[in-house]
Each structure stands twice: as structure tokens, then as C-alpha cells.
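Notes for the one structure printed next.
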Amino acid sequence: MGSMSASGDFRRWPVEPGIPGIVRVFDPYCYRCPFGGTVDTCSRQCVSHIEEVIQMEGPQNIAAMLAEGITGTNGLLVPPDDYWPKVRALLDKYDILLIDDEVMAGFGRTGTWLATQHYGIKPDMVTCAKGLTSSLMPLGAVIVSEKIADFMEDHMLWTGLTGAGHPVCCAAGIACLKVYEEEKIFENVAKQGAYLADRLEAMRVKHACVGDVRYKGLFSMVELVKDKTTKEPLAPYGGTSPEMGRLSAYFRSKHLYTYSRFNVFFIAPPLVITTEELRYGLDIVDEALGQIFIAPRA
Ligand SMILES: Cc1ncc(COP(=O)(O)O)c(C=O)c1O
């Protein structure tokens, strides 16, 4: 109930009102800036409004800010390079902890252990799972700073889980972390990520329905629109559309699996993918985008 409430994701709606004490702020969603900014006019209101929220709530009442290093399912929102340094400084100013959710973006997906490493900041706590074992075994973990670890030395953490510290899963996790290093997996992510970025940028220019492409390493997403000027989404938030249905059907008919929802779909291939394999998949994506037929409005 608590973690569902903490999420900004629409899947929390059925458990609302959830737990009290959670206040949300806007994401750094540059393509649809909630403050009306553009690349030329941006004054990082996505950061300054957080300070307003902190002051409204009272900094002494705020334990932590919880956010993904790079927001995943909710739009793959790659922040501007100075976003995290600015937010980190703000949180330090008010003595508020940063909890970095790296369940999706962590462990090589973006080419580093943590997505926040791209921006040179350190969180106080990190929640992680999936990539910790390459998702081969179920394992989740919370990494904490030395300061918090020291505190836990003589303070009980009042919790308990049947599978906590499961030795088989932990062994898989340790083995996986070794493989990431020994097989230089993150180097492959950087190399293939550069190819992926080029292909996505070309699709943005080529296809009328591609409003935006966002990527870091092998973590990427395509946002589809009915019209590039108005940016009207190809399907509404929380819903779908015949065009999105046809796109998913086309992918499946070509045996390409990728996660899609609303007006976006993700491209997040295995970290060991080769350029040849990536090209094969991206050619299917390119073909599919060329076939999207947007019905004229009545
Ligand atoms: C960003 C993010 N945080 C948290 C979770 C939940 O993780 P878990 O299922 O390990 O509790 C997910 C699951 O998809 C996720 O993507």
C-alpha cells in the first residue's frame, strides 16, 4: 500500500487515498514541459518548483525525495544534465535524503551501475532489483550510504520478509555483478547505445508520428503523436487507440516483443545484444512506424 502510494504511476489509482504524507512534484519532462518551457527558454522550473513544495510542506517535515535516476515506465524521462546536481544541492540545503529508485535504470541498463552516475551525484539510498541478477532470479535490495548503514548498526529495522537475504538469489546476484565486470557488459551498452541513438534520431526525422525519442544507453523510448506541431498524443494517458493497437500487432507479427503503453513504446534490448541483432529489431520498428495510418478527424 505504501509503495503503491509513493508511485506517481496510474496503477496507484485503485488504492487511493493510500497512505498519507506523500507529496508529488513534476518530472523533468522536457518534450511536454509542465511549465511551458522550451530548450531556449528553460529556467529549470522543474527544480525551482521543488523548492516551493519543500517550503510549503516545511523542510523539517520531509524525510526524503524518492525518484528514479531516469524515470522508466512513466515516459523514460532523461533529465537535462544539470537536473540532478541542482536537485541534490537543493536537498542538501534542506537536509532531505535522496532515495534513488534504480529498479529499471540501474545495473547497466544505461551503461553505468546507477543512472544517477551519469550526472555525478550520489543518492543516500538506492532501491534496486531487476538488473541486480539480470532478472534471472528474484532479488531486490536497498543500498544505503555509510551514514545510514552506521545508524542501522544499533537501530532495529522493523521489517521481515520470507525471502529476505535468500542465499541462492544472493549468489546469483554476486555472480551477475562479476559477469558485468568481467565481460565488460557496460562497454557493450555504450557501444550499442550509440547505434540505437543514431537510429532513433533518424526515425524522429523520418516519421510524421514520432514526436520524441529519449534514450540513455540501451534504455529508450519512442513517443508517438498525431501531429508533430500540436503534439497531440497518438493515444490518451491511461488509454489506447486503434493506431497503437495496430503497431503492437505489427511488432508481434514480426516476433518483436517490446513494452508499449498509451502513446509510447520502449526499446530496451538485452545488454549483450550485438549491432546486427539490434539492426534487425530496429528495422522492424522503422517499418512499423512507416505504416502507422492516422485516421483523419471527423
Ligand atoms: C522503477 C521501479 N521501481 C520499483 C518497481 C517495483 O520493484 P519490485 O517489483 O522489485 O518491488 C518497479 C517494477 O517494475 C520499477 O520499475
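The values are calculated or read from the model by the stated rules, or taken from the named source; none is laboratory data. None of these values were measured; they are calculated from a predicted model. With ideal geometry, Cβ positions are generated from the backbone for all residues, glycine too; neighbour counts draw on all protein chains shown. Note: areas computed on protein heavy atoms with side chains; ligands, DNA, RNA excluded. Shrake-Rupley method; radii C 1.70, N 1.55, O 1.52, S 1.80 Å.
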Next on the checklist: Within region 42-92, take every residue that is in contact with a strand residue (DSSP E or B) (Cβ under 7 Å, 6 or more places away or on another chain), of a type in the set (A, V, I, L, M) and more than 16 Å from the ligand (Cβ to nearest atom) and give me the one that is most open to solvent (accessible area, probe 1.4 Å).
Outcome noted: 63
Checklist entry - Which of (1) more than 16 Å from the ligand (Cβ to nearest atom); (2) surrounded by fewer than 21 Cβ atoms within 10 Å (Cβ to Cβ); (3) farther than 26 Å from residue 37 by Cα does residue 113 not meet, given it meets every other one? => result (1)
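Residue-by-condition table, conditions (1) open to solvent by 70 Å² or more (accessible area, probe 1.4 Å); (2) within 25 Å of residue 130 (Cβ to Cβ); (3) at pLDDT 95 or above:
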residue	(1), (2), (3)
235	no, no, yes
249	no, no, no
278	no, yes, yes
284	no, yes, yes
292	no, no, no
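Run down 152, 125, 137 and say which single residue is within 16 Å of the ligand (Cβ to nearest atom) and either farther than 28 Å from residue 268 by Cα or in contact (Cβ under 8 Å) with a residue 40 or more places away in the chain (or both). Talk me through it step by step, then tell me what you get.
Values: 152 fails: within 16 Å of the ligand (Cβ to nearest atom); 137 fails: either farther than 28 Å from residue 268 by Cα or in contact (Cβ under 8 Å) with a residue 40 or more places away in the chain (or both).
Just a single option satisfies the conditions, and that option is 125.
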Checklist entry - Which is in a helix (DSSP H, G or I), out of contact with any Phe, Trp or Tyr (no Cβ under 6 Å at 6 or more places or on another chain), touching a residue at least 40 places away in the same chain (Cβ under 8 Å) and not charged (D, E, K, R), of 289, 224? => result 289
Checklist entry - Within region 93-110, how many residues are over 14 Å from residue 68 (Cβ atoms), open to solvent by less than 20 Å² (accessible area, probe 1.4 Å) and either within 11 Å of the ligand (Cβ to nearest atom) or touching a strand residue (DSSP E or B) at 6+ places or on another chain (Cβ under 9 Å) (or both)? => result 1
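Which of the following residues is assigned to a helix (DSSP H, G or I) and within 29 Å of residue 196 (Cα to Cα): 13, 84? Step through it out loud before you land on a result.
Values: 13 fails: within 29 Å of residue 196 (Cα to Cα).
Of the residues listed, the single one that is assigned to a helix (DSSP H, G or I) and within 29 Å of residue 196 (Cα to Cα) is 84.
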Item to check | Candidate set from region 11-30 (those that are of a type in the set (A, V, I, L, M, F, W, C) and more than 15 Å from the chain's Cα centre (by Cα)); member that is nearest to residue 81 (Cα to Cα) | outcome: 25
